[in-house]
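The next block holds one structure in the form of structure tokens; read it before the comments.
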Amino acid sequence: MKPSALPAGEARFLTVEGFDHSRRAHVWSLLLAFLAAGPPGPAPPLEVFFPRDRPYVYLHSPSPALLKALGAHLLSLPAGTLLPNFPLRVSPSYPAAKVPAPPLPGPESTPEPVPGLLLLPSFLRPSAASRLLTELLTSPDWGPPQRRKSGGVLRRKVVHYGYTFDYETSDILRDGERHPLPPPVPAGGAVGELFDRVRSEDFGPGAGVRGGVNQVTVNDYPPGTGIGHHVDTRDAFDGCLVSVSLGSGVVMEFRKGEERKYLWLPPGSALVLTGPARYEWSHGIVSRKTDAVGGSQVARGRRLSVTFRTVISPPPEGRALPAELEFVRDFYDSVARQWHHTRGVRGVLWPSVMGFLGGLGEGSLVADCGCGDGKYLAAATHFGHYVVGSDVSMELLKMTLTGAKGPDPIQQEYDKGPFSKHPEVVGGDCLRLPLQTGRFDGAVCIAVLHHLSSEERRIGVLRELCRIVRVGGLVYVQAWALEQDEGSKRVFDSQDVMVPFKVQRKYLEGDGEGGVVGGEGGMEEEGGGFRFDRYCHVYREGELQELCGRVGGIEVQDGGWEAGNWWVRIKRVN
């Protein structure tokens, strides 16, 4: 491998010749090792560009000194050493394709790649691409014409699998509204094989594809057909968009304000869009018969795209179900004062929760979802974490300001500190947490999931918990068990039960008014006090793990039974 020349002066590109593109898999370690051997501190950005079917690559950096040192390093390597792709601010793609306007870019003027864009130029072998194209041209039952947002109907044929994407509203149609329900994704054949492959691929941090893809759209573009500029619908989709091109290549344009980037999508390639490339940069294809690529005019032929997305399943029932409203939300608002008093007197912290919190690195950002009166805010703070609590009961959240005044030394330590006076808590539904995506190192959800009255809502909570933690972040979930200790005062005859809670009259008096704080929550007078019923779904052995298996992008690391509760520890993997 011989660099054509070392960069001189203020050169920003280095051309390396003698490069075997079929064996690029080893470059990451090579470039990482070079940067790791450099001076301490952040390394300057370095980008690698692979022109298609050319025996050279371009290395680009705003630091001429870095390129000069890297060039000298490459010259010192033994003959035959490879230079593969490198992940630091790199999109393993071609330099931007050339189009009639603006002027044809060369190495010295190649624009930087779009953040969040990844192009895999040889995702499919030619034989696999040909088989897939043949199957798509002969087998799909193309759907009815779809309307465009700008009016009229699409000039191309479209077929959807799993869910129908509506081009008029840029959203997903559900339950057969306006269009018949689409067929499921094929289980076999070339389309099914490609679907399985995309679901199993790791497209890098933030992609969130593995196991989660549930919708496929096939578009059939006649020669010269374009696509209007658009961004993906953030509220409808999660993870990344993967689009495989078949038949003919095409130049795609990306826009953000006045910026323009151009990318040649060869047949058999896979375009992956995440983050900014998907939601901040619009993408489109100009309607024309030819594209300028590599200094030549390339005629467009018939092109098919196969696009994979992950449709977000919205929490069923925008509002809580009636059983939850009366026997969960109203219950906790009503009993908040005695609940807080009883919890403080008991001072019980579950060992499995403490083990989870203690296992997170000191200084972790932790979300306590369903924190109630703040029982575990003290525990998280004790381990040196910064904790944010949320709960749907505002009356319970008010209790976080009062301290527990119980025997637990961790709580006593917390009550004396500054955080107990100004806890970071927020009102929020666990199905729509008011917390940012991927921000937390860990999350706990204790005694919440057994208050959700449908399987879909329970899965929705698990998805929300995994959404807010970063890739690699951990989630702890605990809920009541159907299987109780022998001799326990609680014996459950079924999984959906009403569990009584007795409250003294004094704890129901609100600010001298003698009224119930919050709603009545199924209250009945009993023995000088009041009995409130709360709804619970108690979990059988293995049920939590089964629910987790229906949430993409996670793995269950551990689980167990503890004092009448089942718990699981989950890791977000993409």
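The values are calculated or read from the model by the stated rules, or taken from the named source; none is laboratory data. Predicted model, so just to flag it, every value in this text is computed and none were measured. Every residue, glycine among them, receives a Cβ derived from its backbone with ideal geometry; neighbour counts consider all protein chains shown. These area figures cover heavy atoms from the full protein model, side chains too; ligands, DNA and RNA do not enter into them. Shrake-Rupley method; radii C 1.70, N 1.55, O 1.52, S 1.80 Å.
Residue-wise test of (1) of a type in the set (V, I, T); (2) modelled with pLDDT of 80 or more; (3) out of contact with any Pro (no Cβ under 6 Å at 6 or more places or on another chain); (4) closer than 24 Å to A292 by Cα.
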site	(1), (2), (3), (4)
A101	no, no, yes, yes
E108	no, no, yes, yes
W142	no, no, yes, no
R147	no, no, yes, no
S170	no, no, yes, no
G189	no, yes, yes, no
F203	no, no, yes, no
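So how many residues does segment 330-357 have that are within 29 Å of the chain's Cα centre (by Cα) and under 16 Å from Y414 (Cα atoms)? Selection size over segment 330-357: 2. Note on segment 224-278: residues that are open to solvent by 30 Å² or more (accessible area, probe 1.4 Å), small (G, A, S) and over 22 Å from A129 (Cα atoms) total 3. Scanning segment 326-380 for residues that are in a loop (DSSP other than H, G, I, E, B) and aliphatic (A, V, I, L, M), we see that the one that is surrounded by the fewest Cβ atoms within 10 Å (Cβ to Cβ) is V348. The residues in segment 543-574 that are of a type in the set (G, A, S) and under 29 Å from E486 (Cβ atoms) can be counted, and the count is 4. Contact annotation: residue pairs with Cβ atoms under 6 Å, 6 or more positions apart or on different chains, pairing a residue in segment 251-262 that is in contact (Cβ under 8 Å) with a residue 60 or more places away in the chain with a partner that is of a type in the set (F, W, Y) and in a strand (DSSP E or B), are V251/Y262; V251/W264; E253/Y262; K261/F254.
Take Y279 and tell me if it is at pLDDT below 85 and either assigned by TED's automatic domain parsing to the domain that holds V159 or over 18 Å from V298 (Cα atoms) (or both).
On the way: at pLDDT below 85: yes; either assigned by TED's automatic domain parsing to the domain that holds V159 or over 18 Å from V298 (Cα atoms) (or both): yes.
Answer is yes for this residue.
Taking the numbered list (1) at pLDDT 85 or above; (2) part of a loop (DSSP other than H, G, I, E, B); (3) buried (at least 17 other Cβ atoms within 10 Å of the Cβ) in turn, G212 passes all entries but (1).
When R505, R572, R531, R550 are checked against the criterion of being out of contact with any helix residue (DSSP H, G or I) (no Cβ under 9 Å at 6 or more places or on another chain) and modelled with pLDDT of 80 or more, a single residue qualifies: R531. Pick out the one residue from I410, I446 that is open to solvent by 10 Å² or more (accessible area, probe 1.4 Å), in the same structural domain as A563 (by TED's automatic domain parsing) and within 31 Å of the chain's Cα centre (by Cα). So the residue among I410, I446 that is open to solvent by 10 Å² or more (accessible area, probe 1.4 Å), in the same structural domain as A563 (by TED's automatic domain parsing) and within 31 Å of the chain's Cα centre (by Cα) is I446.
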